[in-house]
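Structure first, commentary second.
The values are calculated or read from the model by the stated rules, or taken from the named source; none is laboratory data. All values reported here derive from a predicted model rather than from experimental measurement. Every residue, glycine as well, gets a Cβ built from its backbone with ideal geometry; the counts of neighbours run over all protein chains shown. What goes into the accessible areas is simple: the full protein's heavy atoms, side chains included, and nothing from ligands, DNA or RNA. Shrake-Rupley method; radii C 1.70, N 1.55, O 1.52, S 1.80 Å.
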Amino acid sequence: MKQILMMVLLGAVACTKPEVEGPQEHGKSGQGIVQGRVVDSQGKGVANAEIIANSTDMYDKTTTGYTDGQGNYRFKVPTGIAEGSYTLSGSLTVKYHNRNYRMVLYQEDTRAFSAYDGAVRNFVFRLTGKRTANDDETATPLGATLEVYHDFNHIALENIELTLEPEGPLVDGSTGKKLVTMMPRGDYHIKDIPLGKYTISARDKVTGRRLGVSIQDSSRDYAPSVTALFEDEDFEGSEHFRLGLLVGVL
């Protein structure tokens, strides 16, 4: 009888699976496990992206993970009884023309999740469009902003046509496209420009006259064109990028 009982106990132990933090089946989350994938616009995995779990209950309480070479990430948040819930955010720091640009990753699912339940969340590294699926038209897009100041005594803002020609690859290594755009009526901003280095020129669309351009705060005279990089807005690592442009008569 003792021999039979021992065999039953050994069989039960053999059938018990150890708790491991390996990949979850079918993309399901586990207890406190946060995981997902970061891809670029072509669906290729993005390495070294930073994913941060932000507590919704305690200020400045975060847990951070990073993607591997295939764009996958997986980490665990604390699962104590008072841990509450979390939201996720993602970013990627890219070195471009000897500058570090901290780029926000697009997020489709922004729902908060229980620390105990964990979550599966995917991100996309792209240069334009919404930052999250919940953004409306008033939200700041992923792309950079060109802020234009013009000589209003001689030029009507709505007549200004700007041309931006990429100088080499964009910040993600892709080939940029020539952008030709009019200034929006009553707005001094051209928004959602793919981050890169551009040669910029301007003309009066009504008269066909070429206009002069200069970078704000450069103390340089107007020229037929300028070549410049967009910069971090206000401080390094701000995740917003702008360039101030002066437009006047040559």
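Quick notes on this one:
- Amide hydrogen proximity for residue 96: with H placed 1.01 Å from N in the peptide plane, the residues at 5 or more positions away or on another chain lying under 5 Å are 101.
- When the alpha carbon gyration tensor of the stretch 124-250 is reduced to an equivalent ellipsoid, its three semi-axes come out at 25, 16, 14 angstrom, largest first.
- Against the chain, whose longest principal axis is taken from its Cα atoms, helix 2-14 shows a tilt of about 0°.
- Under 15 Å, Cβ to Cβ, from residue 80 - net charge with Lys/Arg +1 and Asp/Glu -1: -1
- For the chain, calculated [θ]222 nm from helices alone, where every DSSP H run of n ≥ 4 adds -39500 (n - 2.57): -1500 deg cm²/dmol
- Carbon and sulfur %, accessible surface of the chain computed with the full protein complex present, 1.4 Å: 50 percent
- Per residue, the chain exposes an accessible area of 59 Å² to a 1.4 Å probe, with every protein chain left in place.
- Applying 1/(1 + (r/R0)^6) with r as the Cβ-Cβ distance of residue 167 and residue 87 and R0 = 41 angstrom yields a FRET efficiency of 0.65.
- According to the Kirkwood relation over distinct C-alpha pairs, the hydrodynamic radius of the chain is 21.3 Å.
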